[in-house]
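The values are calculated or read from the model by the stated rules, or taken from the named source; none is laboratory data. None of these values were measured; they are calculated from a predicted model. Heads up, the Cβs are rebuilt from the backbone with ideal geometry, glycines too, and the neighbour counts pull from every protein chain shown.
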Amino acid sequence: MTSPSNGSSSRIVQAATRLNRGELVAFPTETVYGLGAEISQAAAIEKLFSVKGRPKNHPLIVHFAHLADLDYWAENIPDYAWLLAEHFWPGPLTLILHKSAHVPLSVTGGQDTVGLRIPKHPLALALLAALGPHKALAAPSANHFGHISPTLASHVEADFGNQLGMILDGGACAVGVESTIISCIGHFPQLLRPGGILHTDIEQVIKCNLSTGTAQTTIKASGSLASHYAPVTPLKTLDDSSLINYLDTLLQQGLRIGLLIHSQKLQALFTAKKNVHCVLMPDNPQDYARQLYTTLRALDQQGLACLITEEVPEGAEWLAIADRLQRAGHRHSSN
Ligand code: TXA
Ligand code: MG
């Protein structure tokens with residue numbers, strides 16, 4: 001990745017100044033755009049929760065610039081967490097660790113653990129460095145609570161208009177889905193959210209299997225709520241034959257349907273079909289992930305009765321996508 005140009009340097013200085021004054025600034029990361037507040041600014045953290053519409057007990061990820069500061073923000077760091085940080089940072093990996101006294105409880109939703117990440121996007125890194133020593137940004141994805149995460153600056157603008165101090169535009173996010181979250185609290189690491197780093201790559205580095213599943217009795221992760229990442233239009237994910245049958249039933253009712261598919265076979269069946277808005281997605285997981293949220297947001301604008309997505313293949317490379325599609329299909333009225 002290249003370093004920021006002169007034009008963006010002055011934007012970064014301006015953004016850092018605003019953050020250090022307690023304003024909110026949205027900024028690009030390699031996963032999705034974040035809505036940043038400097039963590040020592042209590043009023044900014046409060047505003048972050050209210051602007052996003054997020055319950056105050058849902059912890060935020062703390063983003064910082066330098067690996068050497070890991071033990072400034074966290075305590076009792078197990079060796080395997082150091083290994084992961086050294087190997088994957090900067091990058092789309094969030095580690096849950098015991099928080100140090102430097103992390104305010106308002107940021108962690110009252111918990112004694114903190115989610116930490118050094119992002120890879122050059123603008124994010126430059127912004128974090130520009131804040132000054134021992135400063136960090138709490139940054140949830142820059143969308144309204146429960147909505148689809150933003151992968152373009154225009155997505156952030158669509159959700160928040162002029163409610164923010166500033167939106168740093170860093171183009172389209174290269175990864176397109178959120179970071180992988182690993183809990184490093186117990187003796188053994190646990191996968192809390194699949195994301196930009198494959199859990200199989202993590203297992204190779206720490207030379208042990210990650211436990212998965214939803215056994216999060218003491219840890220609250222809003223990304224683990226079933227209703228997250230949802231479009232307004234109802235969404236259903238189906239295997240190919242169920243999809244063909246279900247679509248037929250809906251079309252017989254005269255409904256307009258959005259279709260998100262990745263196999264050419266289905267495309268041949270449905271592209272020219274009346275009342276079907278068909279999007280052919282890439283059949284490799286990296287490109288699919290990069291386009292997913294932009295495509296869902298665009299389809300959500302079409303006033304369609306329903307979105308149907310073709311089930312993606314099994315396997316580590318597709319896990320984060322399968323996870324987001326599943327959650328997008330579970331919209332609750334509370335969001
Ligand atoms: O890729 C990402 O992680 C993006 C970019 C902006 O960095 N951020 C992001 O933040 O996805 P957010 O707030 O939308 O999701 C953060 C997830 C939530 O599921 C939250 O509950 C979990 O991280 N999390 C944060 N701190 C935690 C903690 N102490 N224990 C358990 N889960 C935590
Ligand atoms: Mg989010």
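For residue 65, the conditions (1) in a helix (DSSP H, G or I); (2) of a type in the set (Gly, Ala, Ser); (3) under 22 Å from the mean Cα position of the chain (by Cα) all hold with the exception of (1). For the range 131-181, give me each residue that is under 24 Å from residue 89 (Cα atoms) and surrounded by fewer than 19 Cβ atoms within 10 Å (Cβ to Cβ). Correct list: 132, 133, 134, 169, 171, 172. In the condition set (1) at pLDDT below 95; (2) within 14 Å of ligand 1 (Cβ to nearest atom), residue 161 is compliant with all but (2).
Filter the range 239-262 down to the residues that are of a type outside the set (Val, Ile, Thr) and either surrounded by fewer than 16 Cβ atoms within 10 Å (Cβ to Cβ) or modelled with pLDDT under 90 (or both) and list them by number. Once the filter is applied, which keeps residues that are of a type outside the set (Val, Ile, Thr) and either surrounded by fewer than 16 Cβ atoms within 10 Å (Cβ to Cβ) or modelled with pLDDT under 90 (or both), the range 239-262 yields 239, 240, 241, 242, 245, 246, 248, 252, 253, 254, 255, 256. Within the range 140-188, restricting attention to residues that are among the aliphatic types (A, V, I, L, M) and within 10 Å of ligand 2 (Cβ to nearest atom), the residue that is nearest to residue 64 (Cα to Cα) is 142.
Residues that are of a type in the set (A, V, I, L, M, F, W, C), part of a helix (DSSP H, G or I) and in contact (Cβ under 8 Å) with a residue 40 or more places away in the chain: does the range 269-288 have at least one? No - not one qualifying residue is present in the range 269-288.
For the range 56-85, the set of residues classified as surrounded by fewer than 18 Cβ atoms within 10 Å (Cβ to Cβ) and among the hydroxyl-bearing types (Ser, Thr, Tyr) consists of 72 only.
Only one entry of 79, 69, 112 meets the criterion of being touching a His at 6+ places or on another chain (Cβ under 9 Å) and either more than 13 Å from ligand 1 (Cβ to nearest atom) or under 18 Å from residue 196 (Cα atoms) (or both), and that entry is 69. Scanning the range 107-139 for residues that are in a loop (DSSP other than H, G, I, E, B), more than 12 Å from ligand 2 (Cβ to nearest atom) and among the aliphatic types (A, V, I, L, M) turns up 107, 118, 131, 136. Checking each residue in the range 264-297 for being small (Gly, Ala, Ser) and surrounded by 14 or more Cβ atoms within 10 Å (Cβ to Cβ) picks out only 289. Restricting the first member to the range 33-55 and to residues that are under 22 Å from residue 157 (Cβ atoms), and the second to residues that are of a type in the set (Ser, Thr, Tyr) and at pLDDT below 95, the beta-carbon pairs closer than 9 Å and six or more apart or on different chains are 54/222.
Taken over the range 86-106, residues that are surrounded by fewer than 22 Cβ atoms within 10 Å (Cβ to Cβ) and in a helix (DSSP H, G or I) amount to 2. Once the range 164-194 is narrowed to residues that are among the small types (Gly, Ala, Ser) and at negative phi, the residue that is farthest from ligand 1 (Cβ to nearest atom) is 165.
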